[in-house]
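Worksheet: the structure to be examined is printed underneath.
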Amino acid sequence: MSTTLFDSTLKVVNVGATSFKDDLEAQGVSVAQVAWTPPRAVSPELEAAMDTLSRPDIAAKIDAANQEVVERIISSHPVLVGYEKAIDVVPGMTKETILHAGPPVAWENMAGAMKGAITGALVFEGLADTIEAATELAASGKITFSPCHEHDCVGSMAGITSASMYMHVVKNKTYGNVSYTNLSEQLAKILRMGANDQSVIDRLVWMRDVFGPMLSEAMKIAGEIDLRMLLAQAIQMGDEDHNRNISGTLLLMQKLASHLVMTDFTNEQKKDVFAFIESSDYFSGPTWMAVAKNALDAGHGVKNSSIVTTMTRNGYEFGIRLSNWEGFRWFTGPAQVVVGPMMAGFKPEDSGLDIGDSAITETFGIGGFAMAAAPAIVPLIGGTVDSALDATKDMLEITTTTNPNITIPILDFRGLATGIDARKVVETGMLPLINTAIAHKDAGIGMIGAGLVNPPFECFESAIIALADAVTSD
Amino acid sequence: MTVAARISENTYVDSMSLMALSTRANDVDGVNQAMVGMGTDMNKQVIESVGLMTPEVQGAGRSDLITVVDLADGQDADEVFAAIDALRATGPGAGTGANASFRSLSQALREDEDSTLVVISVPGEHAAREAKSALQRDKHVMIFSDNVSLEDEIELKKTAHDKGLLVMGPDCGTAIINGKGLCFANAVRRGRIGVVAASGTGAQEVSVQIDALGGGISQLIGVGGRDLSADVGGIMMLDGLDVLAADEGTDVIVVLSKPPARSVKDAILERAARAGKPVVACFIGPSGSTGPLEQDGVTVVSTSRDAARTAVALDGTTLDGGSEVDLTGHDVASVRESFTSGQRYVRGLFCGGTVNDEVFYQLVAELDDVHSNVAGDPSTRLEPNGKSRAHSVVDFGSDEYTQGRPHPMIDPTVRAARLVEEAADPEVAVILLDFELGFGSNPDPVGAMLDAIEKAKATADEAQRPLEIIGYVLGTDGDSQNKARQTEQLHQAGVRTVSDVIELGALGAAYVREGRN
C-alpha cells in the first residue's frame, strides 16, 4: 500500500483552530481555512425527512425537477410593458381589497408598519376620512386582506397595495406570465414604511393623478423595455438591486426619458416627475422585485421540486413557497430582527421585525445573494469587501446553479446563484442572506435603518418534512 | 439641548457608509445623538423628525455633507466633529484584512480541489461528521479532536482503509508529512526514518531525539491513542506501517505505542517483519529499559530513548556510548547529601502524557511508593485533582486538568500553581518539569513558568531547604521557541537540565534513592 499523501505537495484544509493554519502557513504550506460552526440540532422528523429525500431514486426525481425549475427561471425574459392602475390589471383586485406583503396574516397580528400603511391606504382610497376611522374599518372585517403574492404581485416593505395605485406591468416574454408591483414613494416617511400623515397621502394622490398616468402614457409610446438586460447591466455597474439601485434607476430612467417628454403633460408636471425620480435611487427598486417575481413564478409548480420560489415576510411571519406545490402552500416561521446601521435618533429596540416581499430579489439571486457586485454597500454588512465576496460565494452552497444571463464581474463573471434548494439549506444549516430596510415597529413613523437578516430555519424545516411526505405519497 | 451642525460643501460619501458612520458617531463621547448624511430631502426630513434641524442644515445642498449633533452639556462641538472625522477616516473595516475563509468543509473541498489533507480540531462530537465528508472526497484526514466515539473511529478507519486513505487520530496531536509539522510537532531534520505513533508527545520525543543524534524524519504518522486497542485493532498502525514500507523516502521504520492488546501486538510484529526494511517497535511500558530485543526480525524496545538510538543506528549512524544513561556530571552524591532529613520525595509535574508515563516507569523501576494521576493500578493512582503522595508524577494534560481550559503546553496556569505548592512541601527534594517546544505550543514555555520557579525556589530557601528542580526541554533549536534559549533561561533560574526523558526519570530517582551512590 502506497499513499498519495507523500507523492504530492501537502495542501491542507484546516477545520477548526486557526493557530494550526498559521503554523502551517509559516512552513510554506497552502491552507484553506474553514470557519467552522456547530451544525444545527435537527428534530427527528426532519432527520427522517432528509433520509427519505436522500434515497437515490427520490433524490434523482428531485434533482430532475429542480433542473427544470432553474431552466425556467434562467430562461425567463421579463420586460416592462406598462404602468396601470391595480384595479384595472391585478387579478382579483377590488375596491375593498388591500394587498399586503408576506404570507397571509390577520389584522390583529399585523406589524405596526403594516397597520399604519393599511389605514393610510384606506384614507387615500376615500374609504375612511381619518386614520382612526380607517383603523376601525380595517378591524371590522369589511376589508379583504390578501398577500400580494397571491395576486401575481410583490410589494416592498408593508407592500400595501390598493385599487387606485399604479402598478408596474412586467411580462415574461418566454412563458407569458405577468407580474405587478406598485411605484416607489422615494422617501423614508412613506406609506410602505408605515407612515400615513397628510404628506404621505398627498404624495400618493399625486402619484395616482400625475406620476402614474405619465409613466403609463410613456410606456404606451415605448411599447416595452427589456428589464432583464437592464438588470444585468445594473449588476455590472455596482448595484445588487435590493438596497443599492442607483445604476438600475439611471438605466431605467434613460430608457423612459425620451418617452416621458413625449406625453401630454405640462412641462411643469414633467419637471416634477423628473425631480421625483431624481430624489431617490430607489425608483427602480420595485421594478427589480417584479423582474424576480416574474422569473420565479415561471419556475413555480413543478412537481417534486425542492426549489424555493418565494421568500417573503409580513413583519409577523416569514413565509416561503416551494415549487412542488402549485398555488399557495406557505411554510412559515417567526419574522426575525434585522441587524444593521440605524438612522439618526433610532435605536435597535425601535425596529419592527423583518417585513416585505423584497426578499424575492434574494430568491432570484440578486440583493444579499449578489453583495459582491456592490462593494459600495459593504458597510451594510458591517465589514470588508472580502466579507461581501465570501457572503456571495457562500450562497452557492444552498443554490442549484448559476444564471449566465446576469453576471458579477469581480467573481470572474460568475452568474447569479440561482435556485435555492431547501434540501441544501437544511443540510448545511446555512440560511439565505437577505439585505433589507428596517421600518419602525410602530405605525405612522417610517424607515429607520437597513441591515441583514436570515429567514427562520423553521420554514425550511417544515417545507422539507412536507416535501418528503409529498414525494413518497404518489 | 445643544445642537451643532457643520456643512461640508461638495463632499460626497455614499449613503450606506454614512448610515453606518452615524451609528458609530452616536457612540462618540459627548454626543447625545448624531446624524451624518448628504443634504438630500430624505435626510433633511429625518433630521427634522428627530429634532436636530438648524438653519444651516435647512440650507445644505444635495452635494453637501451634513454633520449634525446634539451635544452633552459643556461639550465642545469642534472636538466632536474631529472625532467623527477620525471615524470616517478609519472606516468600519479598516485594517481587518480578513482572509477569505469557507463556511463549510464541503465548500472548501469543492473550491480547493487539489488539497490533500484535512486537519480537524472541532469539538469531538462533530469531528466524525467532518472526517466522513473529507473521506468521501478522497482526502486524508488528521483528527486532532478527542471525544470521538469508538464506533465512529472504527467506521472512519475502515472506510479510510478501504479507500487507501489515512485517518490520523482521533486525538492525534502530532504528525510530520513531507517535512511539514502538523499541530504539535517539532522542527526536526528531514531524513530517512519514518515513524508511526499512537502517542503525541512520545512521537515528539522520538523525533527530537533522532534529530539530536544526527538522524532525520521522512514521515511521522500519528494514529491516535486508541488505535491499538483490541476494538480498533490497530487499523491505522498497520496501514501506516504499510505506507512507510512502500515509501521510497523511508529506510527505517519506528512504531511507537503503549503496550497494545496481545492480538494487536502480534499483528503489528507480524506485519513489521514483512516490511522489507528494518523496523523498531517501541512499546512504552512498565518493563523499563531492557535494551533492544530481537523478535522475528523486528527490534523491540520499551523507551523512546532506545527507539531513537536504535533507529538512528539502523539508519547507518555510529553512536558514541551505550544505551545506558550516564549521570556523571549531575553530582548525584553531593546533591543527595545536601537534602534535609525530611526531604525524601521526587515529584514530576508534566505537560506531556508520554513524558509522564516514561518517567513513571523509570521511578517505579527504581523506587517504592510511586504514584500518578494516570496510573492504571488504583492503589498507586492519585485522586483526581488530588495532592501528591510520596513519589508522584502528575500528567496535567489528562482530562481532569484540561476540562474547559487549554492544554498545559499552551496555558501554564495550573501547573505553575502546583509547582509552588509542591515546593512548600517539606518532604519534597526534587521536582521534575518538562517543556515542550514546537508548533502549537506556548511561544515561551520556560518564560511562562519562570515566576513560579522563582517562587518555588524562594519558598524552599525561606525554609532553609535545598530544592532541586530538573527541567527537560523537548524540542530543537529550529523550533520557534529555540531549545538553546529555553535551556539558558532554565540555567539562569537555577534549574538543572537533562537531555532526554529517560535521563529525567533516572536522575530524579537517583537523587532520592537511598543507600546508593
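The values are calculated or read from the model by the stated rules, or taken from the named source; none is laboratory data. In this text, all values refer to a predicted model and were calculated from it rather than measured experimentally. A quick note on method: Cβ atoms are made from the backbone with ideal geometry, for glycine too, and the neighbour counts reach across all protein chains shown.
Within segment A:156-176, count every residue that is buried (at least 24 other Cβ atoms within 10 Å of the Cβ) and either on the phi > 0 side of the Ramachandran plot or of a type in the set (Gly, Ala, Ser) (or both).
Residues in segment A:156-176 being buried (at least 24 other Cβ atoms within 10 Å of the Cβ) and either on the phi > 0 side of the Ramachandran plot or of a type in the set (Gly, Ala, Ser) (or both): 5 in total.
For B:GLY475, work out the one condition from (1) surrounded by fewer than 16 Cβ atoms within 10 Å (Cβ to Cβ); (2) closer than 30 Å to A:LEU24 by Cβ it doesn't fulfil.
(1)
Being acidic (Asp, Glu), out of contact with any helix residue (DSSP H, G or I) (no Cβ under 6 Å at 6 or more places or on another chain), in a helix (DSSP H, G or I) and closer than 24 Å to B:ALA509 by Cα: is that true of B:GLU400 here?
no
In segment B:3-30, which residues are without any contact (Cβ under 8 Å) to a residue 12 or more places away in the chain, at the interface with chain A (Cβ under 10 Å from one of its Cβ atoms) and over 24 Å from A:ILE246 (Cα atoms)?
B:ASN26
In segment A:6-56, which residues are surrounded by fewer than 21 Cβ atoms within 10 Å (Cβ to Cβ), part of a helix (DSSP H, G or I) and out of contact with any Asp or Glu (no Cβ under 9 Å at 6 or more places or on another chain)?
A:ASP7, A:THR18, A:SER19, A:ASP22, A:GLU25, A:ALA26, A:PRO44, A:GLU47, A:ALA48, A:ASP51, A:PRO56
Out of curiosity, is A:ASP350 in contact with a His (Cβ under 7 Å, 6 or more places away or on another chain), more than 29 Å from A:VAL178 (Cα to Cα) and charged (D, E, K, R)?
When the stated conditions are applied, A:ASP350 passes them.
For A:ARG244, indicate whether it is surrounded by 22 or more Cβ atoms within 10 Å (Cβ to Cβ), within 27 Å of the chain's Cα centre (by Cα) and under 30 Å from A:THR407 (Cβ atoms).
In short, yes.
So which pairs qualify, if the first residue must be in segment B:133-147 and on the phi > 0 side of the Ramachandran plot, the second must be surrounded by fewer than 24 Cβ atoms within 10 Å (Cβ to Cβ), the Cβ gap must be under 8 Å, and the two must be at least 6 apart or on different chains?
B:ASP138/B:LYS163; B:ASP138/B:LEU165; B:ASN147/B:PRO123; B:ASN147/B:GLY124; B:ASN147/B:GLU125
Kindly indicate the residue of segment B:36-68 that is within 12 Å of chain A (Cβ to nearest Cβ) and in a loop (DSSP other than H, G, I, E, B) and also modelled with the highest pLDDT among those meeting that condition.
So the residue we want is B:MET53.
Being more than 8 Å from chain B (Cβ to nearest Cβ), under 28 Å from B:MET142 (Cα atoms) and in contact with a Ser or Thr (Cβ under 8 Å, 6 or more places away or on another chain) is the filter here; which residues of segment A:31-64 pass it?
Of everything in segment A:31-64, nothing turns out to be more than 8 Å from chain B (Cβ to nearest Cβ), under 28 Å from B:MET142 (Cα atoms) and in contact with a Ser or Thr (Cβ under 8 Å, 6 or more places away or on another chain).
From the list B:GLN33, B:GLN75, exactly one residue is in contact (Cβ under 8 Å) with a residue 12 or more places away in the chain, assigned to a strand (DSSP E or B) and farther than 17 Å from A:LYS189 by Cβ. Which is it?
Answer to the selection: B:GLN33.
What do you reckon, is B:ALA185 buried (at least 24 other Cβ atoms within 10 Å of the Cβ) and either within 28 Å of B:VAL325 (Cα to Cα) or of a type in the set (A, V, I, L, M, F, W, C) (or both)?
yes
Within segment A:55-91, can you find the residues that are out of contact with any helix residue (DSSP H, G or I) (no Cβ under 8 Å at 6 or more places or on another chain) and closer than 25 Å to A:ASP469 by Cβ?
Passing the criteria: A:ARG55, A:PRO56, A:ASP57, A:ALA60, A:ASP63, A:ALA64, A:ALA65, A:ASN66, A:GLN67, A:GLU68, A:VAL69, A:VAL70.
Condition first: in contact (Cβ under 8 Å) with a residue 60 or more places away in the chain and more than 25 Å from B:ARG305 (Cβ to Cβ). Now tell me which residues in segment B:237-281 satisfy that.
B:ASP239, B:VAL243
Hey, which of the helices (runs of 4 or more DSSP H) in segment B:105-182, taking only ones fully inside, have at least 3 residues that are more than 10 Å from every other protein chain (Cβ to nearest Cβ)?
B:124-136, B:150-163
Suppose we filter segment B:212-231 for residues that are within 23 Å of B:LEU117 (Cβ to Cβ) and surrounded by 22 or more Cβ atoms within 10 Å (Cβ to Cβ); how many remain?
Number of matching residues: 11.
Show the residue pairs that are 6+ apart or on different chains and have beta-carbon atoms under 6 Å apart, the first residue being within segment A:276-287 and closer than 12 Å to A:LEU251 by Cα, the second being among the β-branched types (Val, Ile, Thr).
A:ASP281/A:ILE246; A:ASP281/A:THR249; A:PHE283/A:THR249; A:PHE283/A:ILE277; A:SER284/A:THR249
Please enumerate the residues belonging to segment A:422-458 that are surrounded by 22 or more Cβ atoms within 10 Å (Cβ to Cβ), over 16 Å from the mean Cα position of the chain (by Cα) and either modelled with pLDDT of 95 or more or of a type in the set (A, V, I, L, M, F, W, C) (or both).
The answer is A:ALA422, A:ARG423, A:VAL425, A:VAL426, A:ALA443, A:ILE445, A:MET447, A:ILE448.
Please state which of the following conditions A:PHE369 fails to meet, knowing it meets all the rest: (1) touching a residue at least 60 places away in the same chain (Cβ under 8 Å); (2) of a type outside the set (S, T, N, Q); (3) surrounded by fewer than 21 Cβ atoms within 10 Å (Cβ to Cβ).
Against the list (1) touching a residue at least 60 places away in the same chain (Cβ under 8 Å); (2) of a type outside the set (S, T, N, Q); (3) surrounded by fewer than 21 Cβ atoms within 10 Å (Cβ to Cβ), A:PHE369 comes up short only on (3).
Filter segment A:423-474 for residues that are within 20 Å of A:ASP51 (Cα to Cα) and of a type in the set (S, T, N, Q) and give the result.
A:THR428, A:SER462, A:THR472, A:SER473
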